[in-house]
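This report concerns only the one structure given below.
Values quoted throughout were computed directly from the atomic coordinates according to the rules given, and no laboratory measurement underlies them. This is a predicted model, so every value here is computed, not measured. When we count neighbours, we look across all protein chains shown, and the Cβ atoms used for this are built from the backbone with ideal geometry, even at glycine.
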C-alpha cells in the first residue's frame, strides 16, 4: 500500500498518538553509536551521528543529551509523496507557538515536541483532525 496523498483525508484520518516516553537528542562526532543505545531514529550528518533515544537509555549509558521531547505519531498511513501534509501540521503548530521536529518514515509521520508543549500539541492535532474545514497553510 502506497499511503494516502489527499491532504483533507490525511487531516481527518491523522489520529495522533502521544507516546508516554521522553526522548532526547544525542550526537556522536565519531559516527559510532554506543552498543547499549537503541535509538528510535538516527541521522548521519557531516558533523556526527544524531540519535534520538529514550531519556532513560541515555542516562543509563551515561551519554550527554539535549532537548527532551515527546513523540506524537500521526497514525494515518501517509504517502511519502503527499504534498503539504507536514507543512499544514507544522504551520498549525507554529501558529500556536509550538516547536516541532518532524520525521517522515515509510508508514507514518512522527513529530518530536518539547515535553512542556506535548499535551498542547496533542490537543491541537486532535482538534484539527476533527475539524470539517481543511487547515490553512
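Laid out as a table, the results:
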read-out: Among the candidates 71, 93, 86, residue that is closer than 16 Å to residue 23 by Cα, crowded, with 18+ Cβ neighbours inside 10 Å, free of Cβ contacts under 8 Å to residues at least 60 places away in the same chain and touching a strand residue (DSSP E or B) at 6+ places or on another chain (Cβ under 9 Å); value: 71
read-out: Qualifying position, being more than 21 Å from residue 13 (Cβ to Cβ) and surrounded by 14 or more Cβ atoms within 10 Å (Cβ to Cβ), among 54, 47; value: 54
read-out: Meets criteria (buried (at least 17 other Cβ atoms within 10 Å of the Cβ), touching a residue at least 12 places away in the same chain (Cβ under 8 Å), farther than 23 Å from residue 130 by Cβ and within 14 Å of the chain's Cα centre (by Cα)) for residue 76; value: no
read-out: Subset tally (residues that are buried (at least 17 other Cβ atoms within 10 Å of the Cβ), under 18 Å from residue 88 (Cα atoms) and touching a strand residue (DSSP E or B) at 6+ places or on another chain (Cβ under 7 Å)) for the range 5-37; value: 3
read-out: Number of the exception - residue 63 against (1) over 13 Å from residue 112 (Cβ atoms); (2) surrounded by 15 or more Cβ atoms within 10 Å (Cβ to Cβ); (3) free of Cβ contacts under 8 Å to residues at least 24 places away in the same chain; value: (3)
read-out: Odd one out for residue 24, checked against (1) in contact with a helix residue (DSSP H, G or I) (Cβ under 7 Å, 6 or more places away or on another chain); (2) farther than 25 Å from residue 130 by Cβ; (3) part of a helix (DSSP H, G or I); value: (3)
